[in-house]
Amino acid sequence: MPKTVLVVDDDDNTRRFLTVALEENGYDAVTAADGDEGYQKIEEIMPDLILLDVMMPKKTGFSLFKQIRRKEEFKDIPVIMLTGVAGVLEEDDAQAEGDTFESPFDSIREGLRRGIQKMREEGVIRPERFIDKPIDPEELIEAVRGIIG
Amino acid sequence: MSTPGAKEGKARPTLRGAMKRLRLAWKVNGLFLLILAGALGISRFLTNLDLERAEIAAARETSIATSERIQTRLRGIMMSHQANELVSLVDRMASENPAFRDVRLIAHGGEVRTSQLDPDAGTVGIDSWPCTVCHITPTATPAVTSETCCEVLEFEGDERALSVVTPVIGEEGCNSATCHSEAQPGSVYGILQADFSLAHVDALIDRQTRNTLWAILLCMLLGTLAAWWMTDRLVGRRIRTIRAGAKRLAEHDFSFRFGDSTGDGLSEVTGVFDRMSSELSATMTELMSTKEYLQAIVDNSADIIITVDPEGFIKTFNPGAEKVLGYTKEEIVGKRIETIFAEPKDRDAAIEQLENGDHVVNYMTHFVTKDNDLRNVMITLSKLIAPDGTAMGTMGISKDLTDELRMQVQLMRTKRMAALGQAITGIQHSIKNMLNVMKGGAYMVKLGLKKDDKAMLTEGWEMVRGGMEDMTQMSMSMLDFARTRKLKLRAIDLGELLKKIHSISHAKFSDAGVVLSLDIPNGCPEVVCDEDGIRSVVMDLISNALDACSWKQYDPGETPEVVMRIVPSPGDQRVEIQVQDNAEGMTEEVRKRVFTPFFSTKEKKGTGMGLAVVARIVESHEGDTYVESAPGKGATFRVSLPIQGPSLREE
């Protein structure tokens, strides 16, 4: 029985090519266009893995992620977060500080760092993986395969 | 009572001082001597007066006694009609009394006369004289009286005589007279008049009068001297001191005090003088300190403070002005004020503005320094008006903004760099999203080719093409944003501009079911700005509002509306353009970020550049952009522009 992957992304094209790539590689793909719809789909189908876009209007990927992790029956579903921000985790681990050049990324990175920090403090286990946009579908499939086989 | 000489002597023990003291001592002592002499003279004169009065009384007594004696003797003589005896009697009497001058017997038997005053009169025989009692007319003779009386007679040559008139009373045997046989004993039948010279008494009176005159003169002289001395001592000297004090006061020496404690009228004056002096001193001290304080403000101010007379010549030039403009006060005062204006026309324009009001506030212009450097200054001009209302010229307080402006330009550059950084990251973000789609599309193209699936290939290709189109569009809007267009500034009527925009756009709004309305007040001022720039600002704002309106689900009966409004605020020389919609409004978070480049709430629509471009254009006009909004309350975008246009102009 093929494994089911839920794709939560507000961008139609991204949902489309991720679906194509997943199905091409033998997974069932289910999509949702925003956080609320995503949560609804999780409840409906109990996916084996979730591909979750961070930057979404209304409900961000992080709030949906926390919602999943707090819920006992969903907290073990592996999540790959799709971000537009490069190297967030690496920098987070290195505790990079003293940036002098302020850019919107700084605030986004800072937001991510705080989000991750908060997740840790709240006992929320971090996502299995972050993958940067632009997404290379083949690389993504590799990652999915690495987690759920 | 100390003398002024002694005082001065103490101060300056010189020969002149000693001489002065001596002279003064002589003056004072001499005066005492004179007063003493005068007093002696007066007392002497008064004694004399008494003596002379007694002498006159004595002369009178003697005259009366002599006259009565003559009369007694005469009576017998007359009875006997012995004329010779009468004459010798008169002569004897005259020799006995040196004052005796003349005697007349007026009787029935005739008059006997002998005279010392007129020796030539001689003695007239008694028989040759008619009886005056019987025959002489009453007017020619003294009235017959029964009492002895005296009278003073005056003769030629100021001679005076005391005339004593005694009645001759008839006795027994008198009847023997020839023609007067009817005469009865006891009746008055003649008078004896004896004159005594008053020359002696007159001489005494003359001397007395002279003495009196001299005494009066002396007293007047002494009185004058005493008065002079007293005046000088009590008033003159002190008035001189007051004068000296007043002079010192006039020379602004307020330390002078009389300290007069005599308590008389003058000391009241000097007291008033002292009080005035100390009050003046206090006032002057206060005035000086106020003046010094004001001067210190002017001197220590870093601002350029210059006053100019009504003819346009520099009158004062403070150290702040010296420092900024490089001229010393000495070399610039008296020169024309235009010397320091880079554009003398600017000064004329400012003065013209000043004519219409009391002040010209924050007028931006350029000064030129001694070394020909340009300084950006913000000048505030005020009229200088004397208390009586006459114009004294103008005062300008100018702030040298050159460095500040340079820093502002620097800051703007820094801000621009930051904005550039934001833009780059924003662009990167957008590119990543587009690349994401294109990468996905490319994957599908590859897959379609591999599987010979034309539908997938086409779909993938469409995604790649869409991404390319998005990128093209983004690069276009980036060009819009990045273009550093030189502002074509001119004064335009914003009301007219909004009307034009309204006429171009209202059809598009009507098609979308949105009402576009105008709210323009009368007399809205012309604003110096770049018309194309401001037009694109307003166009962007209303198109944004139109989008907002089209996303909202309006209640039935509610009309989507966008209002373009002009709100002048004359106080701060700005005017505001407002674009108000009644759409959904926005959260505080969104409100804060609307002007950030690449920020968009429109998901796949728009580039997130529109409002950033708006802010950019407004900023280049030195204007400000604000948004007022709350969820469900619609939004009002406000663009505030300076009426005079931007002051900062980069070369």
Do we find a residue being at pLDDT 85 or above and either more than 11 Å from chain A (Cβ to nearest Cβ) or under 60 Å from the mean Cα position of the chain (by Cα) (or both) anywhere in the range B:439-449? yes
Working only within the range B:620-643, note down all residues that are more than 26 Å from B:LEU489 (Cα to Cα), outside any strand (DSSP E or B) and of a type in the set (A, V, I, L, M, F, W, C). B:ALA630
Residue set B:SER176, B:SER163; condition hydroxyl-bearing (Ser, Thr, Tyr), surrounded by fewer than 12 Cβ atoms within 10 Å (Cβ to Cβ) and either over 60 Å from the mean Cα position of the chain (by Cα) or modelled with pLDDT under 75 (or both); output residue B:SER176
Which residue is surrounded by the most Cβ atoms within 10 Å (Cβ to Cβ), if the candidates are limited to the range B:466-480 and must be more than 13 Å from B:ILE427 (Cβ to Cβ) and in contact (Cβ under 8 Å) with a residue 12 or more places away in the chain? B:GLY467
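Given the criteria surrounded by 13 or more Cβ atoms within 10 Å (Cβ to Cβ), under 30 Å from B:SER647 (Cα atoms) and within 14 Å of another protein chain (Cβ to nearest Cβ), does B:ILE431 qualify? Full working, then the answer.
Numbers: surrounded by 13 or more Cβ atoms within 10 Å (Cβ to Cβ): yes; under 30 Å from B:SER647 (Cα atoms): no; within 14 Å of another protein chain (Cβ to nearest Cβ): yes.
Taking the combined requirement at face value, the residue does not satisfy it.
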Mind listing whichever residues of the range A:45-61 are among the aliphatic types (A, V, I, L, M), at pLDDT 85 or above and touching a helix residue (DSSP H, G or I) at 6+ places or on another chain (Cβ under 9 Å)? A:LEU49, A:ILE50, A:LEU51, A:LEU52
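Going by what's in this entry, would B:VAL201 be described as within 25 Å of B:ARG257 (Cα to Cα), in a helix (DSSP H, G or I) and among the hydrophobic types (A, V, I, L, M, F, W, C)? It would help to see each step written out before you state the result.
On the way: within 25 Å of B:ARG257 (Cα to Cα): no; in a helix (DSSP H, G or I): yes; among the hydrophobic types (A, V, I, L, M, F, W, C): yes.
It is false that B:VAL201 is within 25 Å of B:ARG257 (Cα to Cα), in a helix (DSSP H, G or I) and among the hydrophobic types (A, V, I, L, M, F, W, C).
Based on what the data block shows, is B:LEU381 more than 14 Å from every other protein chain (Cβ to nearest Cβ) and either buried (at least 16 other Cβ atoms within 10 Å of the Cβ) or among the β-branched types (Val, Ile, Thr) (or both)?
yes
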Taking the range B:537-578 only, how many residues are more than 60 Å from the chain's Cα centre (by Cα), outside any strand (DSSP E or B) and not aliphatic (A, V, I, L, M)? 16
Number of the exception - B:GLU331 against (1) surrounded by 13 or more Cβ atoms within 10 Å (Cβ to Cβ); (2) free of Cβ contacts under 8 Å to residues at least 40 places away in the same chain: (1)
Restricting the search to the range A:42-58, which residues are over 20 Å from A:GLU128 (Cβ atoms) and either more than 14 Å from chain B (Cβ to nearest Cβ) or buried (at least 23 other Cβ atoms within 10 Å of the Cβ) (or both)? A:GLU43, A:GLU44
When restricted to B:THR414, B:THR425, B:THR394, B:THR390, the only residue surrounded by fewer than 19 Cβ atoms within 10 Å (Cβ to Cβ), polar (S, T, N, Q) and either within 30 Å of B:PRO310 (Cβ to Cβ) or within 7 Å of another protein chain (Cβ to nearest Cβ) (or both) is B:THR390
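Answer yes if at least one residue in the range B:281-303 is part of a loop (DSSP other than H, G, I, E, B), under 28 Å from B:LYS383 (Cβ atoms), at pLDDT 85 or above and not charged (D, E, K, R), and no otherwise.
Initial filter on the range B:281-303 (part of a loop (DSSP other than H, G, I, E, B)): B:301-303.
Within this subset, residues satisfying the condition of being under 28 Å from B:LYS383 (Cβ atoms) are B:301-303.
From what's left, at pLDDT 85 or above: B:301-303.
Narrowing the set further to residues that are not charged (D, E, K, R) leaves B:301-302.
Looking through the range B:281-303, at least one residue is part of a loop (DSSP other than H, G, I, E, B), under 28 Å from B:LYS383 (Cβ atoms), at pLDDT 85 or above and not charged (D, E, K, R).
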Do any residues in the range B:349-366 that are in contact (Cβ under 8 Å) with a residue 40 or more places away in the chain have Cβ atoms under 6 Å from those of residues that are surrounded by 12 or more Cβ atoms within 10 Å (Cβ to Cβ), where the two are at least six apart or on different chains, and which pairs are they? B:LEU354/B:VAL360; B:LEU354/B:LEU381; B:MET364/B:MET378; B:MET364/B:SER647
Positions within the range A:3-41 being within 14 Å of the chain's Cα centre (by Cα) and more than 13 Å from chain B (Cβ to nearest Cβ), in sequence order: A:VAL5, A:LEU6, A:VAL8, A:THR31, A:ALA32, A:GLY35, A:GLY38, A:TYR39
Give the range B:583-614 a look and list any residue that's among the aliphatic types (A, V, I, L, M) and at pLDDT 75 or above, or say none. B:ALA583, B:MET586, B:VAL590, B:VAL594, B:LEU611, B:ALA612, B:VAL613, B:VAL614
Just the residues that are at pLDDT below 75 and not in a helix (DSSP H, G or I), please, taken from the range B:239-265. B:HIS252, B:PHE254, B:PHE256, B:PHE258, B:GLY259, B:ASP260, B:SER261, B:THR262, B:GLY263, B:ASP264
Has the range B:387-409 got any residue that is touching an Asp or Glu at 6+ places or on another chain (Cβ under 9 Å), assigned by TED's automatic domain parsing to the domain that holds B:ASN362 and on the phi > 0 side of the Ramachandran plot? yes
Members of the range B:453-500 found to be assigned to a loop (DSSP other than H, G, I, E, B) and within 60 Å of the chain's Cα centre (by Cα), listed by number: B:LYS486, B:LEU487, B:LYS488, B:ASP493
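The values are calculated or read from the model by the stated rules, or taken from the named source; none is laboratory data. Every value quoted in this text rests on a predicted model; they were computed, and no experiment measured them. As a convention, Cβ positions derive from the backbone with ideal geometry for all residues, glycine included, and neighbour counts pool all protein chains shown.
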